[in-house]
Amino acid sequence: QVQLVEAGGGLVQPGGSLRLSCVALGIILSTYVMVWYRQAPGKQRELVATITSGGFTNYADSVKGRFTISRDNAKNTVYLQMNSLKPEDTAGYYCKGIQGRSTIWGQGTQVTVSS
């Protein structure tokens, strides 16, 4: 069964950190472009960060310098390290795998930044 499973979300205070993980089941994650998206209630889905199979990364301006996307091919997992979190980072976070015309989505994990 092909599946992406996210974890690591939760409630954190402003300025805090979280690390999200996205484990791939049934696929070889290293052959996919992996993307983290987020969506807050009433807002459009936003692309947060991308990592290619070659390890090149790209970030939304809103998270540059605070978030880091990485992959551990041995664990078939992609991570999103989020530092200096702000209330506006509150959203559901989703990982997506892309290989050619094939896409796979995870079920999402909620991140809430609040004091």
Unique match (being of a type in the set (D, E, K, R) and within 16 Å of Ser17 (Cβ to Cβ)) among Asp61, Asp89: Asp89
Failed criterion for Asn76 (all others in (1) at negative phi; (2) surrounded by 15 or more Cβ atoms within 10 Å (Cβ to Cβ) hold): (1)
Positions within region 1-35 being open to solvent by less than 60 Å² (accessible area, probe 1.4 Å) and free of Cβ contacts under 8 Å to residues at least 60 places away in the same chain, in sequence order: Ser21, Val23, Ser30
Residue match in region 4-25 (condition: part of a loop (DSSP other than H, G, I, E, B) and more than 30 Å from Ser115 (Cβ to Cβ)): no
Qualifying residue in region 61-70 (condition: in contact (Cβ under 8 Å) with a residue 24 or more places away in the chain and either closer than 25 Å to Val2 by Cβ or in contact with a Gly (Cβ under 7 Å, 6 or more places away or on another chain) (or both)): yes
Any hit, region 39-56, residues being in contact (Cβ under 8 Å) with a residue 60 or more places away in the chain and not aromatic (Phe, Trp, Tyr): no
Among residues of region 55-73, those that are surrounded by fewer than 15 Cβ atoms within 10 Å (Cβ to Cβ) and among the charged types (D, E, K, R), counted: 3
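The values are calculated or read from the model by the stated rules, or taken from the named source; none is laboratory data. Fair warning: this is a prediction, and the values are worked out from it, not measured in the lab. Cβ: placed from backbone, ideal geometry, glycine included. Neighbour counts: every protein chain shown. Keep in mind that these areas ignore ligands, DNA and RNA; they rest on the heavy atoms of the full protein, side chains included. Shrake-Rupley method; radii C 1.70, N 1.55, O 1.52, S 1.80 Å.
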